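Q: Take a look at the following structure, please.
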Amino acid sequence: MASTFPDPRASAPAARSATDRPTRIESHGIDHIPDDERHGHPRELFAVWAAANVNYLSLVVGGALVLMGLSLLQALAVIVVGNLFWLLTGVLAVSGPAAGAPSEVITRALYGVRGNRVNNAVTGWAISVCYFALNLAAAAGAAFALVEKTGLHAGTGVKIAVVLLIAAATLTIGVYGHALIIRLYLPITLALTAAFGVVGYAVLRRADFGYTPDAPLTGAPLWAALIGGVTLIASGPLSYTTSADFSRYLPATTSRRAVVGWTALGGFLPSVVVCSLGALAATVVDTTDPQTALEAMLPGWFTPVFLLSLVLGTIAINAMTAYSAGLALQAVGLRVRRSLSVLADGTVAVALTLYALLVSDFLDTVGNVLELTVVLLGPAMTVYAVDILLRRGRYDGRALMDETRDSAFWYTAGVNPAGALAVAGGAVAAALCVNTAYTGPIAHALGGVDLALPAGMAVSGLLYALLTFLMRGRTPGAPVTPAVG
């Protein structure tokens, strides 16, 4: 029986390892990071998550809340509540230093060796590639406008070239990996903060701070909009079930509170600010096309800078997405180098992007995709967080590398029934409550109120804790050491 407890060896943050340097392609994939290669400080995580969340999609989502019929105050409250889910992203990140492994491997403890391959194929790879394509399509729109301002017509050939150029920049960062992300994302955060500072000044000068819609929502329609808005906002942090990927190089003795705090703060602050700017802009201009609406509010000289910042922000978020998707592809069982798996992800995402650019109503596409993903991502993140609490954040990274039948994480035929049933049960509960692309029976009975997020998370969390307790015969608060199946 293998323990999930790490070797309690104390060590100070080490100097950057020769194997994890910005100028070298990262050699590690889903393998365990040895103690002598651990380095860095948790405060580095702030810039990583901040750079990824000063982006165009946040503007789109913030403006969408007002378009849904909410007043400004209601929209701002929804933005704050929805972004509190970054705390869960931070909690998941503590498993990285504990195990010295990425989330795609740590989740073997939740689902079993074989069950985790299915988990990585769906929530790890497929959804990540969809997000990559969605963000790339948004960045491409800004880049097309920038091309038009040079006097060059953005025809089909030019559009394809632009998409490929943005994808190439994104995948270069993803291929070089962890050290380059850590090095680049602080200056990217500073540059984007400066650019969005100008945007913020222009928006605040014109925003209607007392905005209420002509026909204010009440009763069930109001609750439907409020809960739907929280779900829309929460889909951002919930998409990062892979936050351990970016913390796994930290020493095992790194403060858990610091990892949670810097990760959560790095996602929360910029997301609240940028989403709020989108909502504020929507009080005075039609944000059905946020890019065009914001350009009308900005000084002419700044428009190219604004467009470039939209592209840069998307490159930052997509490089992280491509990086994690590459690890997920390895964890599914594809035995290729991490750099090649990242390139494979990019190829699929580019193909999806070129298709997505033909979709006429981009805003509806964004909303439907983001809200529907919580059917799976909400339960998946909840089960992961509950597992961390049950184990008190202790994982044995070396034991997690074992994929044989003798593995401590083989469970029953390679599947942990507790994790599989909990996620399935949570997803079913969420699907019954959805009111996005379709209306589930519970949402219909509630007059359109979408409770998919809280229902899916509550059911999956309770099921996982209960089933783990029953199957392991331990009290729910105790660390869990799985028996060999």
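The values are calculated or read from the model by the stated rules, or taken from the named source; none is laboratory data. These numbers come from a predicted model, not from an experiment. A quick note on method: Cβ atoms are made from the backbone with ideal geometry, for glycine too, and the neighbour counts reach across all protein chains shown. Heavy atoms of the whole protein, side chains included, go into the accessibility calculation; ligands, DNA and RNA do not. Shrake-Rupley method; radii C 1.70, N 1.55, O 1.52, S 1.80 Å.
Q: Of all the residues that make up the range 32-51, how many are open to solvent by 60 Å² or more (accessible area, probe 1.4 Å) and in a loop (DSSP other than H, G, I, E, B)?
A: The total comes to 2.
Q: Going through the range 138-170 one residue at a time, which ones are β-branched (Val, Ile, Thr) and in a helix (DSSP H, G or I)?
A: Within the range 138-170, Val147, Thr156, Val158, Ile160, Val162, Val163, Ile166, Thr170 qualify.
Q: Further, regarding this structure: Please count how many residues of the range 114-131 are under 13 Å from Tyr323 (Cβ atoms) and polar (S, T, N, Q).
A: 1
Q: What number goes with the only condition from (1) at negative phi; (2) surrounded by fewer than 17 Cβ atoms within 10 Å (Cβ to Cβ) that Ala427 does not pass?
A: (2)
Q: Further, regarding this structure: Can you pull out every residue in the range 433-473 that is of a type in the set (D, E, K, R) and surrounded by fewer than 20 Cβ atoms within 10 Å (Cβ to Cβ)?
A: Across the range 433-473, the qualifying residue is only Arg472.
Q: Within the range 386-400, which residues are in contact with a helix residue (DSSP H, G or I) (Cβ under 7 Å, 6 or more places away or on another chain) and over 13 Å from Gly96 (Cα atoms)?
A: Val386, Asp387, Leu390
Q: Now for a different question. Could you pull out the residue among Ile79, Ile127 that is under 30 Å from Trp223 (Cα atoms), under 13 Å from the mean Cα position of the chain (by Cα) and among the β-branched types (Val, Ile, Thr)?
A: Within the list Ile79, Ile127, the selection yields Ile127.
Q: With the range 74-137 as the region, which helices (runs of 4 or more DSSP H) entirely inside it contain at least 3 residues that are closer than 14 Å to Thr242 by Cα?
A: Here the list reads 86-93, 95-99, 103-106.
Q: OK, next. Quick check on this structure: which one of Thr170, Thr156, Thr150 is surrounded by 15 or more Cβ atoms within 10 Å (Cβ to Cβ) and among the polar types (S, T, N, Q)?
A: Just a single option satisfies the conditions, and that option is Thr170.
Q: Related question: Does at least one position in the range 129-148 carry a residue that is touching a helix residue (DSSP H, G or I) at 6+ places or on another chain (Cβ under 9 Å) and of a type in the set (D, E, K, R)?
A: The answer is no, given that none of the residues of the range 129-148 is touching a helix residue (DSSP H, G or I) at 6+ places or on another chain (Cβ under 9 Å) and of a type in the set (D, E, K, R).
Q: Go through (1) within 18 Å of Ala207 (Cα to Cα); (2) open to solvent by less than 10 Å² (accessible area, probe 1.4 Å); (3) at pLDDT 95 or above for Gly63 and report which single condition fails.
A: For Gly63, the failing item is (3).
Q: Does the range 197-212 contain any residue that is among the small types (Gly, Ala, Ser) and open to solvent by 50 Å² or more (accessible area, probe 1.4 Å)?
A: yes
Q: Kindly check whether there is at least one residue in the range 352-366 that is at pLDDT 90 or above and either buried (at least 23 other Cβ atoms within 10 Å of the Cβ) or of a type outside the set (Lys, Arg) (or both). Outline the logic, then answer.
A: Step one: of the range 352-366, the residues at pLDDT 90 or above are none.
No, that holds for no residue.
Q: Something else now. Leu70 versus (1) assigned to a helix (DSSP H, G or I); (2) more than 26 Å from Ala252 (Cβ to Cβ): which is the lone unmet condition?
A: Every listed condition holds for Leu70 apart from (1).
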